[in-house]
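The values are calculated or read from the model by the stated rules, or taken from the named source; none is laboratory data. Remember, predicted model here, so these are calculated numbers, not experimental data. Note that each Cβ is placed from the backbone with ideal geometry, even for glycine, and that neighbours are counted across all protein chains shown. Please note that ligands, DNA and RNA were not included when accessible areas were found on the heavy atoms of the full protein model with its side chains. Shrake-Rupley method; radii C 1.70, N 1.55, O 1.52, S 1.80 Å.
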Amino acid sequence: MSLPRYDHFINGASVPPASGDYFDTENPYTGEVWAHIARGNAADVDAAVAAAKAAFEGPWGGLTATRRGQLLRRLADLVIEHAPRLAEIEQRDNGKLSSEVVAQVRYMGEYFHYYAGLADKVESKVIPTDKPGVFTFTRYEAKGVVAIITPWNSPLTLTSWKLAPALAAGCVAVVKPSEFTSASMLEFAALFEQAGFPPGVVNVVTGFGAEVGEPLVTHPDVAHIGFTGGELAGKRIYEAAARNLKTVTLELGGKSPNIIFDDADLDQAVKGVVSGIFAASGQSCQAGSRVLVQESIHDELIRRLVEFVGTAKLGDPTRPDTQIGPIATRPQFEKVLDYIRIAREEGARCVLGGKARPDLGAGQFVEPTIFTGVDNRMRIAQEEVFGPVLCIIPFKDEADAIRIGNDILYGLAGAVWTRSLHRALYVTERLKAGTVWVNNYRATSFTTPFGGYKRSGIGRESGSDAIHEYLDTKSVWISTDLDVPNPFIRR
Ligand code: NAD
C-alpha cells in the first residue's frame, strides 16, 4: 500500500517541492514511516513568500479588520469541528497522549475566536501633542509577511499562538513546521480555504531548518519572525534577523523551578510536580524540571512522589489509560538518556526510573526518572533535558528558594506551593520568570501573556498585547494651521 504524500501549501493549493524530493515521517510509538513530506528549499520559500506578499498587497490587504475577524471566527469553528482528525494526525507524528492532543487542538479554536474578536478592537490614539496647529494620531499597521517556525512538541498549538494574532493584525504568513511533525499543519492549512480566506494568506513550506528555515528568515520580503524552539536555532534566527534588522518573537527553552514550601498541601503539590514534569513525557518548554523543596519535607515529598509516579502507565499513547507516551524523536530520546548518564556521573542519586524501555512500542521510551542529591550547579540542574527527568533540590527558607530558583540562565516559568498568601506573593514578585503559578502548574490561556525572561525568549504570545508583535506604529501629523511657519526652524 502506498503511503500518503504531503506537498507544500502555497497560494491556496498543494504544490510539489521544486527539488522533487520527499522525506519520511515516522510514528514514534510504532517506529513506522507513515507518510512522505515535501523537502523544501529556497525556491519553494521564494514562491510562498511571493504568494503571501501578493495576498497582502491584494485581496487580504483590502479587507476591513471586521471582515478579517469574521473569517477567523469561521476558521475557529472549523478547527473545533476538525479537532479529532487533526489531533490524530499530529499525535501520529509526535506520540503525545491522544487524550491531551484532542483537547489541545480543540482549544486552538478558542485562540482563533479570541483574536477574531480582537481584530477590530485595536484602536489607535489621538495624541494631545505639545505642538500648536497640528492634529496628531497613531495608526497600527500590519507588518506584512511573517515567518512562523515551530517545533515538534505541540505543533498546531504553537503555530496558532502566532498565526491567530498575526492574521488578526492583518499580516500574512509562511509557516515552516518541524521536520518531525509537518503533516498536521498541512491538513490544518486546507481549512483556511474552506473558511474563505483568500489564497496566499497562509502558506506552508515543509523541510529542514537549514534548507527552508534559513532562506525564510533571511528572505528580504519577510518582516517578522515568530519562532518557538530550542536555544541554538533561536540564536541563529536572532542573528540572521539582526543582520537584516527584522523583528522577532522568540519562545525558547526553560528549566523552571517548582518550589514547594513546608506549609503546602502536599497531596496537591505532588500532583503539580507530576503534571509539571511527567505530562507529555516532560517534552514541554514550561516543564517544572527543578523541584525545590523545603528541607523539612524533603524526604516525605520524595516518598510520596516515588509512590505516585512509580505506578504511572507507560505505553500506547492512543489508549485512554496510558499516562506516559514515547519520546517524540530518536535524537531527543538519545539526548534524554545522555542527560541521565551525565546526572549519574555528576553524583546525583536516581531514586526512580533512569532507564529506557526497549520492550515498549518501538523502544523509544524513557522511564519517569527522579534524581535527588542534586546541586543546582550541576549540568542536570542547569540544562534543559526536554524529557521525563526531574531534579530535586532542597532549600532552607524563602531567600534560599528564590536564590536557587533564579540561579539559572532561563526564565520561562516557575511555581510556588504554599498556603501563605504573603509567601506566595513575596516569592512570585522575586522569581525572574515570564509565568509564575501559585498552587497549580502548567495552565496557559489565549487571554494571558506567555513568554520568557532571560534566555527563555523575547516578546510575548497570547493575550491582547500579543497582537502588537505583528503591528508597526505610524504617527500621523496633520497641520490645522494655514500659516506655514518659518521653514528654516524646526517646530
Ligand atoms: P529546534 O530549535 O531544533 O527546531 C525548531 C524549529 O526550528 C524547527 O522547525 C526547525 O526545523 C527550525 N530550525 C532549526 N534550525 C533553524 C535555522 N537555523 N533557521 C531557521 N529555522 C531553523 O527545536 P525542537 O527540537 O523542534 O523543539 C524543542 C525545543 O523547543 C526545546 O528546546 C524547547 O524548549 C523549545 N520549546 C519552547 C517553547 C516555548 O514556548 N518557549 C515551546 C515548545 C518548545
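Of all the strands (runs of 3 or more DSSP E) wholly in region 106-178, which have at least 1 residues that are away from the ligand (no atom under 15 Å from the Cβ), touching a residue at least 60 places away in the same chain (Cβ under 8 Å) and surrounded by fewer than 17 Cβ atoms within 10 Å (Cβ to Cβ)?
Result: 134-142.
So, in region 190-220, how many residues would count as being in a helix (DSSP H, G or I) and either surrounded by 21 or more Cβ atoms within 10 Å (Cβ to Cβ) or within 11 Å of the ligand (Cβ to nearest atom) (or both)?
So the answer is 11.
Six or more apart or on different chains, Cβ under 7 Å: which pairs go from a residue in region 265-281 that's open to solvent by less than 20 Å² (accessible area, probe 1.4 Å) to one that's aliphatic (A, V, I, L, M) and modelled with pLDDT under 95? Could you list them?
none
Answer with yes or no whether PRO368 is modelled with pLDDT of 95 or more and either touching a helix residue (DSSP H, G or I) at 6+ places or on another chain (Cβ under 7 Å) or within 16 Å of the ligand (Cβ to nearest atom) (or both).
Judged against the criteria, PRO368 is a match.
I need the full set of residues from region 224-233 which are open to solvent by less than 30 Å² (accessible area, probe 1.4 Å) and either assigned to a loop (DSSP other than H, G, I, E, B) or more than 17 Å from VAL175 (Cβ to Cβ) (or both), in order please.
GLY229, the sole residue that qualifies.
Would you be able to tell me the number of residues in region 305-327 that are under 27 Å from ALA269 (Cα atoms) and surrounded by 14 or more Cβ atoms within 10 Å (Cβ to Cβ)?
Qualifying residue count for the region: 14.
Looking only at region 221-239, how many residues end up being within 7 Å of the ligand (Cβ to nearest atom) and under 19 Å from ALA48 (Cβ atoms)?
Summing the residues that are within 7 Å of the ligand (Cβ to nearest atom) and under 19 Å from ALA48 (Cβ atoms) in region 221-239 gives 2.
Just name the residue that is most open to solvent (accessible area, probe 1.4 Å) out of those in region 425-453 that are in a strand (DSSP E or B) and within 12 Å of the ligand (Cβ to nearest atom).
Per the stated criteria, the residue is TYR453.
Any chance you could count how many residues in region 241-250 are touching a residue at least 24 places away in the same chain (Cβ under 8 Å) and open to solvent by 10 Å² or more (accessible area, probe 1.4 Å)?
5
How many of the residues in region 464-487 are under 14 Å from ALA169 (Cβ atoms) and not in a helix (DSSP H, G or I)?
Count: 4.
Filter region 473-491 down to the residues that are open to solvent by 80 Å² or more (accessible area, probe 1.4 Å) and at pLDDT 95 or above, then identify the one that is farthest from THR435 (Cα to Cα).
Per the stated criteria, the residue is TRP477.
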